[in-house]
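Engineer: The following block contains the structure, expressed as structure tokens.
The values are calculated or read from the model by the stated rules, or taken from the named source; none is laboratory data. Only a predicted model underlies this, so the values are computations on that prediction, with no experimental measurement involved. Note: ideal-geometry Cβ built from the backbone for every residue, glycine included; neighbour counts use all protein chains shown. Remember, those area values only see protein heavy atoms, side chains included, never the ligands or the DNA or RNA. Shrake-Rupley method; radii C 1.70, N 1.55, O 1.52, S 1.80 Å.
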Amino acid sequence: MICVSLGRTRHSSMQEEHQYLAEKGAELVELRVDFMRKRPDLGRLLKDRPTPVVVTCRRRSDRGRWFGTEDQRLALLREAIISGAEYVDLEDDVAKSIRRYGKTKRIVSYHDFDETPLDLYAIYNRLAECDPDIIKIVTMANLPSDNVRMLEMVEAATIPTVGFCMGEFGTISRILCGRYGSPFTYASFSREREMAPGQLSFAEVRNLYRFNHITKQTKVFGVLGDPIAQSKSPLIHNAAFRKLGIDAVYIPLRVPADNLMETLAEYEKLGIGGYSVTIPHKESVIEFADAPDDLTDAIGAANTLYKADNKWIATNTDASAALEAILTGLRRAPGAIPDFKGRKVLILGAGGVARAVGQALVSNEAAVIITNRSRDRGRNLAAELGCQFVTWENRASDNYEIIVNCTSVGMFPKLDETPYEPHWLTESMVVFDTVYNPEKTLFLKQAADRGCTVVSGVEMFVRQAAQQFRYFTGKDAPLDYMAETLRRSISAARAVTPPAGESTSAGEDVAS
Ligand code: NAP
């Protein structure tokens, strides 16, 4: 079950949004009455309520907004019990002073906004002495391993315990706590209105991560990176699981650069079945694997970690996905020669993606030329791959059959930038931009205007994910559906995203 936290300053807004949530399928709503500007009228809020409720009134010292006295607050909580609210939230230090009455269930809660204390079991035992129906322990995760300790505690609890971690490191425990016995998790009305650090929206918890479907049997996958909040991988992997009816969930896993090995070792306790891997872990993750495959060895970076015969294998699906994407262009291009042998390819950029794409093209006997803004980095990659290098200033000094942008130029929010001038392009060229957000970069728009055959980064992104999906599940991914889901999400985010420089949120790009 998902408990949606609702905090509005006016009674009418609280009631309207409560009704809205009920219509969207909410089964339990937390009324954060401390948000109300006037003294909360519980009679009005509870009358004809469309779902069961938790009545919560947080003090300012607990990061709430209650403006009245503590006596008034306690009186309000007692009134909620007398009025028959389904649940009332009582902080551990006041729970003993408020008596059980009627059918109202007591959630005895503990919050720590700074850390996840080492003595979680001692906290649990202390709360257990406060006559709880449900214990709630919510703490800040400062490291991914905090989630593991929390989930182990939830599983060991004999009194039903809602336990998860806050903050961006805590996402995994918010999503998986039900699997370990937590009677519910909390979600916000929307991403913009999170009530606690790292809180996910109701739409995300319900539709993207499908919290209510997660059981002990549900397989767990995720993407390792830092930062990770904007990753589109959870969107398309979860969409594919849902489409094929696979009992699995895919979670964004923020892991700091210096904590990867420890996190992977700890997450073994959660039985995670496979990972996508992104910046900054693509090189270091190889160390964790029992075996990198040959391609990963050659590229020196992996974007996938999966289990085969109980061993962790590191592999790289970026490279083959890029080749497949370019091939879709070569098949459409004049002459339609779907082959790389001897084709002159200019790669713009010398980062991780350029290395993977360059390696794949070189091993398919393309004549690769590298160019990069930072000369040394470009020269080094060219030497490593055994191909030519041309300076950034001279990148248009030759004719190419294929141009691949592996820089981040043109990526959101810098939509008006391009790594290659339009008058350098000729219509016989196949132009591939690895940037996928936006799908139609300025580079691709100008290339299409010049008559080039264009391929977008979406084609690569969904293919690298689809190959991972096969490693994870043994099944073919619904490629078109993943692409359609990604495209919808990118354009929906575009439609509501403020211009560069203002705050953005990708939280609501989930069908509700
Ligand atoms: P990276 O290792 O950080 O490399 C970034 C590259 O972009 C470097 O070559 C850098 O040049 C260049 N660059 C950045 N700003 C530039 C500018 N203003 N002018 C010229 N060059 C500039 O990143 P990466 O992992 O290789 O990723 C590169 C891009 O690939 C990402 O931005 C992303 O859009 C795309 N990508 C696509 C997929 C997909 O599946 N479609 C997957 C992953 C990534 P310097 O060396 O001079 O800094």
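Engineer: With unit charges on the beta carbon (Lys/Arg positive, Asp/Glu negative), name the residue among Tyr306, Ala80, Gly457 whose Cα is farthest towards the positive pole of the charge dipole of the chain.
Structural biologist: Positive-most Cα among the choices belongs to Ala80.
Engineer: Explain nothing, just compute: Karplus ³J(HN,Hα) = 6.51 cos²θ - 1.76 cosθ + 1.60, θ = phi - 60°, for every residue of the range 352-369 in order, whole Hz, x for Gly and Pro.
Structural biologist: x, 5, 4, 4, 5, 5, x, 4, 5, 5, 4, 6, 9, 6, 6, 8, 8, 10
Engineer: In what sequence, highest mean first, do 48-61, 335-348 appear when ranked by Cβ atoms within 10 angstrom?
Structural biologist: Per-residue Cβ counts within 10 Å, averaged per peptide and sorted highest first, yield 48-61, 335-348.
Engineer: Which aspartates and glutamates does Lys219 reach when only Cα atoms under 14 Å apart count, and residues fewer than 8 places away in its own chain are ignored?
Structural biologist: Counting by Cα, and skipping residues close in sequence, Lys219 has these aspartates and glutamates nearby: Asp247, Glu268.
Engineer: If one takes the longest principal axis of the Cα atoms in the chain, at what angle in degrees, from 0 to 90 and to the nearest 10, does the Cα axis of helix 70-82 lie?
Structural biologist: That works out to roughly 80 degrees.
Engineer: Work the Kirkwood hydrodynamic radius out for the range 2-216: mean of 1/r over every pair of different alpha-carbon atoms, inverted, in Å.
Structural biologist: Kirkwood radius, the range 2-216: 17.2 Å.
Engineer: Something else: Show the residues, 5+ positions off or on another chain, whose built amide H is closer than 5 Å to the amide H of Lys219.
Structural biologist: Under 5 Å from the amide H of Lys219 lie the amide H atoms of Ala248, Val249, each far enough along the sequence or on another chain.
Engineer: Write out the trypsin sites (Lys or Arg not before Pro) in the range 71-131 meeting two conditions: DSSP loop, and at most 15 other Cβ atoms within 10 Å of their Cβ.
Structural biologist: Sites meeting the loop and neighbour criteria: Arg99, Arg100, Lys103.
Engineer: At 7 Å along the Cα-to-beta-carbon direction for both Arg37 and Lys216, put a label point, then send me their distance in nm to one decimal.
Structural biologist: 5.1
Engineer: Per residue, how much accessible area does the range 320-460 show when a 1.4 Å probe rolls over the protein heavy atoms, in square angstrom? Before the final figure, lay out each step's value.
Structural biologist: On the way: 6290 Å² over 141 residues.
It amounts to 45 Å² per residue over the range 320-460.
Engineer: Taking a cut-off of 16 Å between Cα atoms, list the lysines near Lys216, but don't count ones fewer than 8 places away on the same chain.
Structural biologist: Candidates past the 8-residue exclusion: Lys269.
Engineer: Moving on to the next point. Can you tell me the FRET efficiency between Lys47 and Met261 if r is taken as the Cβ-Cβ distance and R0 is 45 Å, rounded to the nearest 0.05?
Structural biologist: E between Lys47 and Met261, to the nearest 0.05, is 0.20.
Engineer: Could you give me the ³J(HN,Hα) list for the range 434-441, computed from phi with Karplus coefficients 6.51, -1.76, 1.60 and θ = phi - 60°, whole Hz, x at Gly and Pro?
Structural biologist: Values per residue, Gly and Pro as x: 6, 4, 10, 10, x, 6, 9, 6 Hz.
Engineer: Here's something else I'd like to know. Note down the net charge around Ser320, summing +1 for each Lys or Arg and -1 for each Asp or Glu among other residues with Cβ under 12 Å from its Cβ.
Structural biologist: Once positives and negatives cancel, what remains is -1.
Engineer: Leaving out ligands, DNA and RNA, what percent of the accessible area of the chain is carbon and sulfur, probe 1.4 Å?
Structural biologist: So the carbon and sulfur contribution to the accessible surface is 48 percent.
Engineer: Now for a separate question. In whole Å, what is the distance between the alpha-carbon centres of the range 365-430 and the range 123-178?
Structural biologist: Value for the Cα centre distance between the two parts: 50 Å.
Engineer: Please compute the contact order of the chain in relative form: average sequence separation of alpha-carbon pairs under 8 Å and at least six residues apart, divided by the residue count, as a percent.
Structural biologist: It comes to 9 percent, rounded to a whole number.
Engineer: Then there's this: Please work out the FRET efficiency for the pair Asp297 and Asp119, using the Cβ-Cβ distance as r and a Förster radius of 45 Å; give the result to the nearest 0.05.
Structural biologist: Once the sixth-power term is evaluated, E becomes 0.50.
Engineer: Quote the Stokes-Einstein diffusion coefficient, in whole µm² s⁻¹, for the chain, based on the Kirkwood radius over alpha carbon pairs, a temperature of 25 °C and a viscosity of 0.890 mPa s.
Structural biologist: Estimated diffusion coefficient is 98 µm²/s.
Engineer: In deg cm²/dmol and to the nearest 500, what is the mean residue ellipticity at 222 nm of the chain if only DSSP H runs of at least 4 residues count, each as -39500 (n - 2.57), divided by the residue total?
Structural biologist: -10000 deg cm²/dmol
Engineer: Can you return the aspartates and glutamates within cross-link range of Lys243? Criterion is Cα-Cα under 16 Å, with same-chain partners fewer than 8 residues away left out.
Structural biologist: Hits, sequence-local ones excluded: Asp476, Asp480, Glu484.
Engineer: Using modelled amide H (1.01 Å from N, peptide plane; none on Pro or chain starts), what sits under 5 Å from the amide H of Gly198, excluding residues fewer than 5 places away?
Structural biologist: When sequence neighbours closer than 5 places are left aside, the close amide H contacts are Gly167.
Engineer: Tell me the Kirkwood radius of the range 320-460: reciprocal of the mean inverse pair distance over distinct alpha-carbon atoms, in Å. Walk me through the intermediate numbers first.
Structural biologist: Details: mean 1/r = 0.0687 Å⁻¹.
Here the Kirkwood hydrodynamic radius works out to 14.6 Å.
Engineer: Taking 32 Å as the cut-off for C-alpha to C-alpha distance, list the pairs among Lys24/Lys414; Lys344/Lys414; Lys47/Lys136; Lys311/Lys414 that go past it.
Structural biologist: The pairs that break the limit, which is 32 Å between Cα atoms, are Lys24/Lys414; Lys311/Lys414.
Engineer: Using the Karplus curve 6.51 cos²θ - 1.76 cosθ + 1.60 with θ = phi - 60°, work out ³J(HN,Hα) for each residue of the range 49-66 in order, rounded to whole Hz, and write x for Gly and Pro.
Structural biologist: Once θ is set to phi - 60°, the couplings for the range 49-66 become 4, x, 9, x, 10, 10, 9, 10, 9, 7, 6, 5, 5, 9, 6, x, 10, 4 Hz.
Engineer: If you don't mind, there's one more thing I want to ask. Can you list residues whose amide H is under 5 Å from Val4's amide H, if they're 5+ apart or on another chain and H is modeled 1.01 Å from N?
Structural biologist: Leu28, Val29, Glu30, Ala187
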